[in-house]
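Quick notes on the structure that follows.
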């Protein structure tokens with residue numbers, strides 16, 4: 001445990017913290033400006049991919065549940081409570 | 001032992017549910033982190049950005065450059081430079097929008113809102129009020145002229 005904590009501390013000092021500082025300092029060089037169109041529309045498209053992925057997974061799961069657990073499914077079997085009244 | 005107490009009430013394995021919850025929570029964390037990061041990057045104003053004071057009033061836009069030059073209904077800027085807009089209003093709430101450069105911020109009386117951009121391509125771009133501000137709101141427009149350096 002101590003070893004993991006020690007490695008984490010070293011990594012944080014050598015890699016993570018300088019990376020954060022580098023990222024926070026981005027855009028300070030004169031003449032080099034980000035294109036907000038690229039950033040904002042890029043974010044929009046990435047989030048749309050996430051939104052549609054979640055929508056697909058959730059709706060797909062609901063469709064699967066409804067089909068798989070309908071009473072008329074040949075694979076359907078009652079739970080112990082439904083079959084034997086065990087609680 | 002009761003089924004509920006033994007954890008068998010559902011009659012099936014629950015690990016897929018935990019995977020499902022984990023994936024959704026991870027995606028939500030990703031959405032929040034990405035949005036926060038992009039907002040932080042976009043709002044970081046370059047130190048050498050030139051300030052342009054933007055004033056909205058029914059129903060026109062007025063611009064004032066750092067050197068005191070004033071423009072009404074037109075804004076001339078240089079390609080490749082950074083500009084910081086200080087936006088306010090004289091009467092009601094307006095919204096300053098340069099659609100082609102994804103600049104959109106409310107102009108509120110008694111308050112100065114700031115947004116910055118750097119035009120990358122020469123040309124003419126429409127500026128439009130995006131907050132209904134009265135009868136002629138639809139025509140509260142201006143034109144952004146992005147000019148090559150030294151033009």
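Each value in this text was obtained by applying a stated rule to the coordinates, not by laboratory testing. Bear in mind that the values here come from a model prediction, so they are computed numbers and not experimental data. We place every Cβ from the backbone using ideal geometry, glycine too, and count neighbours over all the protein chains shown.
Quick notes
- In a fully extended conformation the segment linking residue B:28 and residue B:135 would gain 34.3 nm over its present Cα-Cα distance, using 0.36 nm per residue.
- In nm, spacing of pseudo-spin labels at residue B:148 and residue B:50 (7 Å Cα→C-beta vector): 1.8 nm
- Altogether, the Stokes-Einstein calculation at 4 °C and 1.567 mPa s, with the Kirkwood radius of region B:50-147 over Cα pairs as Rh, returns a diffusion coefficient of 99 µm²/s.
- Exercise: per-residue mean of other protein chain Cβ atoms within 10 Å, A:35-43: 6
- Partner shielding of B:34-41 amounts to 4, given as the average count of beta-carbon atoms from other chains within 10 Å of each residue beta-carbon.
- Virtual spin-label span in nm between residue A:63 and residue B:72, 7 Å along Cα→Cβ: 6.0 nm
- Estimated from helical segments only, the mean residue ellipticity of chain B at 222 nm is -7000 deg cm²/dmol, where each DSSP H run of four or more residues counts as -39500 (n - 2.57).
- Averaged over the residues of B:93-102, the number of partner chain Cβ atoms lying within 10 Å of the residue Cβ comes to 1.
- Ordering B:100, B:67 by the number of other Cβ atoms within 10 Å of each residue's own Cβ, fewest first, gives B:67, B:100.
- Look at B:96, B:145, B:63 and count the other Cβ atoms within 10 Å of each Cβ; fewest to most, that gives B:145, B:63, B:96.
- Rounded to 10°, Cα long-axis angle of helix B:15-42 versus longest principal axis of chain B: 20 degrees
- Stretchable slack from residue B:92 to residue B:40, in nm (0.36 nm times residue separation minus alpha-carbon distance): 15.8 nm
- Antiparallel DSSP beta bridges within region B:42-107, percent to nearest 5: 65 percent
- Inter-centroid distance (Cα atoms) of region A:53-79 relative to region B:26-102, Å: 50 Å
- Exposure proxy order (Cβ contacts within 10 Å, fewest to most) of B:89, A:59: A:59, B:89
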